[in-house]
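Scroll down for the structure; my scribbles are underneath it.
The values are calculated or read from the model by the stated rules, or taken from the named source; none is laboratory data. Everything quoted here is computed from the prediction, not taken from an experiment. All Cβ positions, glycine included, derive from the backbone under ideal geometry; neighbour counts span all protein chains shown.
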């Protein structure tokens, strides 16, 4: 199981899609407030469809609360466009936490400064600034799954 951590997500449809992705991969979704929407918003539920009720979801008031709850910071990985280390060079393990920032701001600078060795990026051409949050989550999550694959039929 991999943990997806969204720090201050702003677009409900992306979070709903990521929730659906988490259910289908056996991952847990962690949301760090402030959120740009109400979790009960119709757009979140619509994007997550009937998966939202099956989602293992944890919501935190802020990063301090999250870090107080999860103390093994060695297994935290941070997606950003501000590094040259590709996500596929990281060595993921079951239980890792994959952090992604808001659609408009990315991850907070102080977080990236604190965890500079654990940063990763999705290689892109110079033509684009970033990818959609749900797409980025899927790319990195499936790399972590690939590195630790256990057929899902064995998990049931």
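Within region 93-111, identify whether any single residue is under 18 Å from residue 148 (Cβ atoms), over 14 Å from the mean Cα position of the chain (by Cα) and in contact (Cβ under 8 Å) with a residue 24 or more places away in the chain, and answer yes or no. For region 93-111, residues under 18 Å from residue 148 (Cβ atoms), over 14 Å from the mean Cα position of the chain (by Cα) and in contact (Cβ under 8 Å) with a residue 24 or more places away in the chain: present.
Note on region 127-156: residues that are part of a loop (DSSP other than H, G, I, E, B), exposed (fewer than 11 other Cβ atoms within 10 Å of the Cβ) and at pLDDT 90 or above amount to 1.
Answer yes if at least one residue in region 13-25 is in contact with a helix residue (DSSP H, G or I) (Cβ under 7 Å, 6 or more places away or on another chain), touching a residue at least 24 places away in the same chain (Cβ under 8 Å), more than 21 Å from residue 130 (Cα to Cα) and outside any helix (DSSP H, G or I), and no otherwise. Outline the logic, then answer.
Looking only at region 13-25, we keep the residues that are in contact with a helix residue (DSSP H, G or I) (Cβ under 7 Å, 6 or more places away or on another chain), and these are 13-21, 23, 25.
Among the residues that remain, those that are also touching a residue at least 24 places away in the same chain (Cβ under 8 Å) are: 13-21, 23, 25.
Those left that are additionally more than 21 Å from residue 130 (Cα to Cα): 20, 23, 25.
So of that shortlist, the ones also outside any helix (DSSP H, G or I) come out as none.
Checking region 13-25: not a single residue is in contact with a helix residue (DSSP H, G or I) (Cβ under 7 Å, 6 or more places away or on another chain), touching a residue at least 24 places away in the same chain (Cβ under 8 Å), more than 21 Å from residue 130 (Cα to Cα) and outside any helix (DSSP H, G or I).
Regarding residue 140, is this residue within 23 Å of residue 75 (Cβ to Cβ) and out of contact with any helix residue (DSSP H, G or I) (no Cβ under 6 Å at 6 or more places or on another chain)? Taking the combined requirement at face value, the residue does not satisfy it. Note on region 23-32: residues that are surrounded by fewer than 16 Cβ atoms within 10 Å (Cβ to Cβ) and touching a strand residue (DSSP E or B) at 6+ places or on another chain (Cβ under 9 Å) amount to 0. Would you confirm whether any residue within region 43-57 is assigned to a loop (DSSP other than H, G, I, E, B) and modelled with pLDDT of 95 or more? Checking region 43-57: at least one residue is assigned to a loop (DSSP other than H, G, I, E, B) and modelled with pLDDT of 95 or more. So, of the residues in region 63-80 that are surrounded by 13 or more Cβ atoms within 10 Å (Cβ to Cβ) and in a loop (DSSP other than H, G, I, E, B), which turns out to be farthest from the chain's Cα centre (by Cα)? Per the criteria, the residue is 70. So which residues in region 85-117 are assigned to a helix (DSSP H, G or I), touching a helix residue (DSSP H, G or I) at 6+ places or on another chain (Cβ under 8 Å) and closer than 13 Å to residue 73 by Cα? Across region 85-117, the qualifying residue is only 111.
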